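Encoded as structure tokens, the structure appears first; notes follow it.
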Amino acid sequence: MASNPHDIVPAHLAVQAMRDNGYKNAAYAIAELMDNAIQAGATQVELLCGEKKELLAQRKRSRIHQIAVLDNGRGMDAAVLRLALQFGNGTYLDEDKHTGIGRFGMGLPSSSVSQCQRVDVWSWQGGVENALYTYLDLEEIKKKKLTEVPEPQSKPIPQIWHQVGKSFGEKGTLVVWSQIDRCIWKTGSAIIDNSEFVIGRMYRKFLERGKVAIRMLAFDLDNPGVAIIEKYASPNDPGYLIEKTSCPAPFDNKSMFQPWEGKDKYEWICPIEFRGKRHEVKVRFSYAKEEARITNSGRNPGDEPYGKHAARNVGVSVVRAGRELELDQTPVIKYDPVERWWGIEIEFPPSLDDLFGVTNNKQAARNFAELLKLDIESLLREGKTISQLKEEFEEEEDPRGPLLEIAQKIDSQLSIIRRLLKAQTRGTRSRNRRHGPVAEQVATVATEERKKEGYVGQSDSDETIPKEM
């Protein structure tokens, strides 16, 4: 069936344009497939990377040939499977279904074409032997041979995936990418090594709670019985409060940071009225324990493996429905190594997607990121209040108004935490332990900051721990 020459968006051109849809790298594109799996109730998800030897510059080198994501979720019937490969369509588009990590109807096809020329999908609900199959092929679309998603048909899953996959069950889905031409990592090992850090951070809450296990395997397609690399993703917590994570020793089995005001109070909840309903946004603050900042060896803690790990997790973690969208580095002072020693996490429900400005590839919250760029403290020093700023935003029909209080909270609290961190190591020498209790220095910082913010409380001597403002 030929396309209409007067189509608003010619399909063969639109799909090619969608290849440049803003995925940062293959890890973020793979995460879209994992989102679908977790949304479908999967408890096991597998990233399977098949390599093949290729002759390059007169040498045989391993190169990625196929990437697959296998899950044991609820699977799809023929109608839903066909829908899932349509751009901009899906089963979670209605507002009353905006409760999980899925929503935009772009995940499977959009993420796939960002990395490869062809995607094949099998899904089953009554045993793997009853799997339904369909596909997208960019070359066929470009030549106008494929103008709609092929109707799903029964088709056996290639044996190779049965050999390497461990999650085949009564229900599930297998997505396979081939003709991979846009993945910046050229081997399965590189894909797994680079994806583990990002995927472990994105799904840390699911991994920590045991809601899902993510297996990662690289193998040779000509010798699938031997694993090149096999591992399970560990949580990667930029707030460093989770005890068992991918952080190097000695903080692989204990938390490296501490909650800002203790376990019971470190979470600040901001109620937000949006579209006639009340919603909650949660903001959490943490900072490094003294033992992470001061070493007996005299080495700079930033040069330790755990310090380098923290340097890769700098920023405000923006979390939607338990899944991280991004690590926003807007508030980060780029030149200051102290920045790696604090953690801020902001978590909001999918019902606030439009307010936060969530992109359809779920990689950013644009409205919130723009708000973090504002120098709110300067505006407050000019005599304006948060309420006045909100009113100005409302008059200008700026949707970010309800988020002002959150941005101001992060700005003021981060100022205190930075000073606390500097006090934490004040008086240290490169090869000597500190002299004097850190609690006294921290208390001084906390008291000074509270006074700056207009608080009047007990004497400095009573301030033994930092208080949340």
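The values are calculated or read from the model by the stated rules, or taken from the named source; none is laboratory data. Predicted model, so just to flag it, every value in this text is computed and none were measured. Every residue, glycine as well, gets a Cβ built from its backbone with ideal geometry; the counts of neighbours run over all protein chains shown. Please note that ligands, DNA and RNA were not included when accessible areas were found on the heavy atoms of the full protein model with its side chains. Shrake-Rupley method; radii C 1.70, N 1.55, O 1.52, S 1.80 Å.
Taking the range 320-357 as the range and being touching a residue at least 60 places away in the same chain (Cβ under 8 Å) and part of a strand (DSSP E or B) as the test, the residues that pass are Arg320, Arg323, Glu324, Leu327, Trp342, Gly343, Ile344, Glu345, Ile346, Glu347, Phe348.
Scanning the range 123-135 for residues that are closer than 19 Å to Ala68 by Cβ and either modelled with pLDDT under 95 or open to solvent by less than 10 Å² (accessible area, probe 1.4 Å) (or both) yields Ser123, Trp124, Ala131, Thr134.
Entry remark, the range 199-216: residues being aliphatic (A, V, I, L, M) and either open to solvent by 20 Å² or more (accessible area, probe 1.4 Å) or part of a loop (DSSP other than H, G, I, E, B) (or both) number 3 in total. If only residues of the range 366-385 that are at pLDDT below 80 and part of a loop (DSSP other than H, G, I, E, B) are counted, the one that is nearest to Phe356 (Cα to Cα) is Asp375.
Residue-by-condition table, conditions (1) modelled with pLDDT under 95; (2) within 21 Å of Glu345 (Cβ to Cβ); (3) basic (Lys, Arg); (4) in a loop (DSSP other than H, G, I, E, B):
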site: Glu261; (1), (2), (3), (4): yes, yes, no, yes
site: Glu273; (1), (2), (3), (4): yes, no, no, no
site: Arg284; (1), (2), (3), (4): no, yes, yes, no
site: Tyr306; (1), (2), (3), (4): no, yes, no, no
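Could you tell me which of the residues Asn296, Asn236 is at pLDDT 95 or above and either over 30 Å from Lys186 (Cα atoms) or part of a loop (DSSP other than H, G, I, E, B) (or both)?
Details: Asn296 fails: at pLDDT 95 or above.
Just a single option satisfies the conditions, and that option is Asn236.
I'm trying to understand the selection: among the residues of the range 225-265, which are of a type in the set (Ser, Thr, Tyr), touching a residue at least 40 places away in the same chain (Cβ under 8 Å) and more than 18 Å from Glu304 (Cβ to Cβ)? Steps first, please.
Pass one, the range 225-265, residues of a type in the set (Ser, Thr, Tyr): 232, 234, 240, 245-246, 255.
Remaining after also requiring touching a residue at least 40 places away in the same chain (Cβ under 8 Å): 240, 245-246.
Across the range 225-265, there are no qualifying residues.
Scanning the range 158-195 for residues that are open to solvent by 10 Å² or more (accessible area, probe 1.4 Å), within 23 Å of the chain's Cα centre (by Cα) and among the hydroxyl-bearing types (Ser, Thr, Tyr) yields Thr173, Thr187, Ser189.
Scanning the range 332-351 for residues that are in contact with a Phe, Trp or Tyr (Cβ under 8 Å, 6 or more places away or on another chain) and either at pLDDT below 95 or open to solvent by 30 Å² or more (accessible area, probe 1.4 Å) (or both) yields one hit, Ser351.
Pairs linking a residue in the range 392-410 that is crowded, with 18+ Cβ neighbours inside 10 Å to a residue that is acidic (Asp, Glu), with Cβ atoms under 6 Å and 6 or more positions apart or on different chains, are Gly401/Glu394. Does Val438 qualify as being at pLDDT below 75 and touching a Leu at 6+ places or on another chain (Cβ under 7 Å)? It is false that Val438 is at pLDDT below 75 and touching a Leu at 6+ places or on another chain (Cβ under 7 Å).
Condition (residue is in a loop (DSSP other than H, G, I, E, B), at negative phi and of a type in the set (Phe, Trp, Tyr)) applied to the range 157-167: is it met by at least one residue? Checked against the condition, which is being in a loop (DSSP other than H, G, I, E, B), at negative phi and of a type in the set (Phe, Trp, Tyr), the range 157-167 yields no hits at all.
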